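Student: Got a structure for you, questions after.
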Amino acid sequence: MKIAAVLPLLLAAVPANAFSPSHRPAFARTSPLHATVESPPKSKMKVPVFDEVCGTTGVSLTRFMDEVAMLNPELAELNSLFGAIGTACKAISNTVKRSQLPSSETLGYQGAVNIQGEDQKKLDLITNDLLKRALRFTGKLGVLASEEEDVPVDLIAEAEASPLSGSWAQSEIVVEQGEKFVAVFDPLDGSSNVDAGIPTGTIIGIYQYDEECILDEDCVGDECTEQEAKCLDNTLQSGTNLVAAAYCLYSSSTFFTLTLGNGVYMFTLDESIGEFVLSKPDVRIPEKSKIYSFNEANIDMWDAPMRSTVEKWRTGTGVSGARFSSRYIGSMVGDVHRTLLYGGVFGYPGDEKNPNGKLRLLYEGAPMSFIMEQAGGLSTTGTERVMNIKPEVVHQRVPMIMGSKDDVQELINAYTAAKK
Ligand code: AHM
Ligand code: MG
């Protein structure tokens, strides 16, 4: 039911231009192109126009998704998924905040190492479980892949094979017959910083699920047949197949930033009402900037085009002639969030030791690139559009540089010139 129908007394006119048609994204915005990259299909998503807005709550994420679903029936199935993601983000936000209290025992290491050889923090596992359960109970998910899971998890088979124990034992996990999706996520990116209270975030990508895929419920890892393994390949799609991407940032405020392929929407958690409220309806990254954001300690190990471009920005001898500042949190969601709002170039390039850098393609690189491109920025490995790369394995790493169009293009040009 529309808020307008429920709370007519709270309706207030929005500022004249806040949600006017001139401020909403064009229906068919194309993603920016690299010279070497083919054009992505145009999104047909219809963008809601909020003629009436509740003066107290503004446009909540729930209302936003309801209206998207009304205008775009083909996206209606995403509604409950994003309801669950929003709720999980609120719960993770609380968990991260409370972790600093002396009575909390959620900081520090779990004592386990994930498949990528990284020590898992207690919060990595808590937030992974939280998000996994929230998504699972929507009944809309076929498979998920997470930074904290060794292999993709087939939720349909898992639900049928092993009902949850404890307080959930009585409740059946509903796997709806309707459309299913694949979710890829990093539940708590930047968690190595969390003990120091530094911002962290959750990154999520949503793909379509191939309904042809029926997995044997007993199939686990190497026991899967080739056909079954192919089913798990549902997770190994390139960023161009993403239906939606979002991140939650846990910082001075909790933010929820979303793209459904037609612009970027930023919501801020209003803790007094427990709702994400639309705070930036059409995020556009400035086309040029004076900020770069890299772990500069690795500069000696970067390749020549990367090193020389950053050197030019540092000394004010690049294309714009501006002398750049350095800003680096070391927490991707926070660094990308600032880059979207202030402009800049963020990245984790490859280096001599790690030619593919550090960031993971599937659940970090692709969803964040989708958001960046939808805000008018670019995302590249230096030689290739990140969105075009199809992962071969779930935890594949990718060198990545993203941000303001003109500056990232300057870097791409340096790589192109170096090839000649
Ligand atoms: P994580 O997924 O294990 O948290 O690692 C990813 C994080 C990113 O948030 C951040 O951009 C990068 O690692 C920082 O790495 P470094 O400490 O090498 O600069
Ligand atoms: Mg991560």
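Student: Going by how many other Cβ atoms sit within 10 Å of their own, how do Tyr247, Tyr207 line up, fewest first?
Tutor: Sorted ascending by nearby Cβ count, the order is Tyr207, Tyr247.
Student: Place +1 on the Cβ of every Lys and Arg and -1 on the Cβ of every Asp and Glu in the stretch 289-420, take the dipole about the Cα centre, and give the residue among Gly377, Leu359, Pro349 whose Cα lies farthest towards its positive end.
Tutor: Gly377
Student: Can you sort Val310, Val393 by how many other beta carbons sit within 10 Å, fewest first?
Tutor: Val393, Val310
Student: Right, another one. I need to check one value: relative contact order of the stretch 291-419, counting alpha carbon pairs closer than 8 Å and at least 6 residues apart, in percent.
Tutor: 28 percent
Student: Pairs Lys132/Lys290; Lys121/Lys280; Lys46/Lys140; Lys97/Lys312: which exceed 29 Å Cα-Cα?
Tutor: Lys132/Lys290; Lys121/Lys280; Lys97/Lys312
Student: Tell me the Rg and the Dmax, in Å, that the Cα atoms of the stretch 291-419 produce.
Tutor: 13.3, 41
None of the figures in this text is laboratory data; all of them are computed from the coordinates on show. Everything numeric here is computed off the predicted structure, so don't read it as measured data. Glycine also receives a Cβ, built like all others from the backbone with ideal geometry; neighbour counts cover every protein chain displayed.
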